[in-house]
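Visitor: Right, I'll just put the structure down here and ask away after.
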Amino acid sequence: MTADGSGAAEIRGALVRLRHATGLPVAFGGLVEPGRPRVRISELTGTSTLALSALAVVSGNGLGGRAVALARPCAVTDYSLSRQISHEYDGPVAAEGLRSILAVPVVVRRRVRGVLYGALRTAHPLGDRTLSAAVAAARDVEQALVVREEAQGLLAAAAPEPGAGSGTGESGAVWEQVREAHAALRALAPRIGDPALRAELLAACGLLTVAEEPESGVRLAPREVDVLACVAAGATNAGAAARLGLGAETVKGYLRSAMRKLGAHTRGEAVAAARRAGVLP
């Protein structure tokens, strides 16, 4: 099952990873509907019926609603008999044959954005290992949503004058923000364990660049671009090393290699050439 809107793919991927990490037979989840205090269940994996599909879980109601209201993970060993929760959704849960269930909220900037569920069809306690895996999956979604929203905001800010280059005044200030964010996002990418999310982040970085000489044929290694992005944002070699988690000599080596490929003799010339080639914004 899929959902419309930003975040559905992240929820879906997190549920697959949750099942793989824990062996749980069933996982499902969804996002909070804009302007409404409820989660719409849209992503299902391992289910045998459509009983939970498109179910609207209101904040405070049932297990997921409790997780939303408290903004923390919640679990029950036997859903239908639990006294910890209200029972508005007993019908769909019973139709799917679920007993032990956990619900973990996805919280972005102190606001619950969705819920991930994992479930068994037997009444066995869900241990700390399973809960930790569910929390880690939710953190992956949170990180993905933050990165996506920051990239979208930067693209929106840059959209009015995408060819403005370094510019002056307000346009120049916008592009300086874009360049600083580009450097920050490139520094973040290598620390993301999920290959799909890492690729999506790097693709978003690519959207922030504006090639003036696309025919230049410059091919820089990812780490060479990372170092140049830091240099373009004003970082020293030591600052770039700290941001990227590299040694200072390693940064120098990447910078020298990038300068050679770009035909540049100084750091400033390398940054300018990279911008002309569309490697940097």
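Visitor: Does residue 215 satisfy the condition of being modelled with pLDDT under 90, exposed (fewer than 13 other Cβ atoms within 10 Å of the Cβ) and either assigned to a helix (DSSP H, G or I) or touching a Phe, Trp or Tyr at 6+ places or on another chain (Cβ under 6 Å) (or both)?
Guide: Considered against the rule, which asks whether it is modelled with pLDDT under 90, exposed (fewer than 13 other Cβ atoms within 10 Å of the Cβ) and either assigned to a helix (DSSP H, G or I) or touching a Phe, Trp or Tyr at 6+ places or on another chain (Cβ under 6 Å) (or both), residue 215 comes out as yes.
Visitor: Let me ask you something else. Taking the criterion of being over 26 Å from residue 8 (Cβ atoms), at pLDDT below 70 and surrounded by fewer than 20 Cβ atoms within 10 Å (Cβ to Cβ), would at least one residue in the stretch 144-160 satisfy it?
Guide: Looking through the stretch 144-160, at least one residue is over 26 Å from residue 8 (Cβ atoms), at pLDDT below 70 and surrounded by fewer than 20 Cβ atoms within 10 Å (Cβ to Cβ).
Visitor: List every residue pair whose Cβ atoms sit under 8 Å apart, with the two residues 6 or more apart in sequence or on different chains, where the first one lies in the stretch 221-250 and is at positive phi and the second, anywhere, is in a helix (DSSP H, G or I).
Guide: Once the first residue is at positive phi and sits in the stretch 221-250, its partners that are in a helix (DSSP H, G or I) give 245/190; 245/191.
Visitor: State all residues of the stretch 219-237 that are among the β-branched types (Val, Ile, Thr) and buried (at least 17 other Cβ atoms within 10 Å of the Cβ); if no residue qualifies, say none.
Guide: The answer is 225, 227, 231.
Visitor: A further question follows. Of everything in the stretch 108-136, what is small (Gly, Ala, Ser), part of a loop (DSSP other than H, G, I, E, B) and closer than 13 Å to residue 23 by Cβ? Give them in sequence order.
Guide: Of everything in the stretch 108-136, just one residue is small (Gly, Ala, Ser), part of a loop (DSSP other than H, G, I, E, B) and closer than 13 Å to residue 23 by Cβ, namely 127.
Visitor: State whether one or more residues within the stretch 10-27 are in a strand (DSSP E or B) and either modelled with pLDDT under 95 or closer than 30 Å to residue 201 by Cα (or both).
Guide: The initial filter retains those residues of the stretch 10-27 that are in a strand (DSSP E or B), namely 26-27.
Now restrict to residues that are either modelled with pLDDT under 95 or closer than 30 Å to residue 201 by Cα (or both): 26-27.
Yes, the conditions are met somewhere in the stretch 10-27.
Visitor: Okay, moving on. I need the full set of residues from the stretch 238-260 which are surrounded by 18 or more Cβ atoms within 10 Å (Cβ to Cβ), out of contact with any Asp or Glu (no Cβ under 7 Å at 6 or more places or on another chain) and in a helix (DSSP H, G or I), in order please.
Guide: 240, 241, 243, 251, 255, 259
Visitor: If you don't mind, there's one more thing I want to ask. When you check residue 75 against the structure, is it at pLDDT 95 or above and crowded, with 17+ Cβ neighbours inside 10 Å, yes or no? Break it down stepwise before answering.
Guide: Details: at pLDDT 95 or above: yes; crowded, with 17+ Cβ neighbours inside 10 Å: yes.
In short, yes.
Visitor: Take the residues in the stretch 86-127 that are at pLDDT 95 or above and of a type in the set (Val, Ile, Thr); name whichever of them is surrounded by the most Cβ atoms within 10 Å (Cβ to Cβ).
Guide: 104
Visitor: Next up: Against the definition (at pLDDT 70 or above, surrounded by fewer than 16 Cβ atoms within 10 Å (Cβ to Cβ) and closer than 13 Å to residue 144 by Cβ), how does residue 199 come out, yes or no?
Guide: Considered against the rule, which asks whether it is at pLDDT 70 or above, surrounded by fewer than 16 Cβ atoms within 10 Å (Cβ to Cβ) and closer than 13 Å to residue 144 by Cβ, residue 199 comes out as yes.
Visitor: On to the next question. So residue 36 passes all but one of these: (1) buried (at least 17 other Cβ atoms within 10 Å of the Cβ); (2) under 29 Å from the mean Cα position of the chain (by Cα); (3) assigned to a loop (DSSP other than H, G, I, E, B); (4) not β-branched (Val, Ile, Thr). Which condition number does it fail?
Guide: (1)
Visitor: Still on this structure: Test each condition in (1) modelled with pLDDT of 75 or more; (2) of a type outside the set (Phe, Trp, Tyr); (3) assigned to a helix (DSSP H, G or I) for residue 281 and report the one that comes out false.
Guide: It is condition (3) that residue 281 fails.
Visitor: Still on this structure: Tally the residues that are surrounded by 14 or more Cβ atoms within 10 Å (Cβ to Cβ), among the hydroxyl-bearing types (Ser, Thr, Tyr) and within 15 Å of residue 99 (Cα to Cα), restricting the search to the stretch 47-61.
Guide: Of the residues in the stretch 47-61, 1 are surrounded by 14 or more Cβ atoms within 10 Å (Cβ to Cβ), among the hydroxyl-bearing types (Ser, Thr, Tyr) and within 15 Å of residue 99 (Cα to Cα).
The values are calculated or read from the model by the stated rules, or taken from the named source; none is laboratory data. Just so you know, these numbers come straight off a predicted model, no measurement behind them. Glycine also receives a Cβ, built like all others from the backbone with ideal geometry; neighbour counts cover every protein chain displayed.
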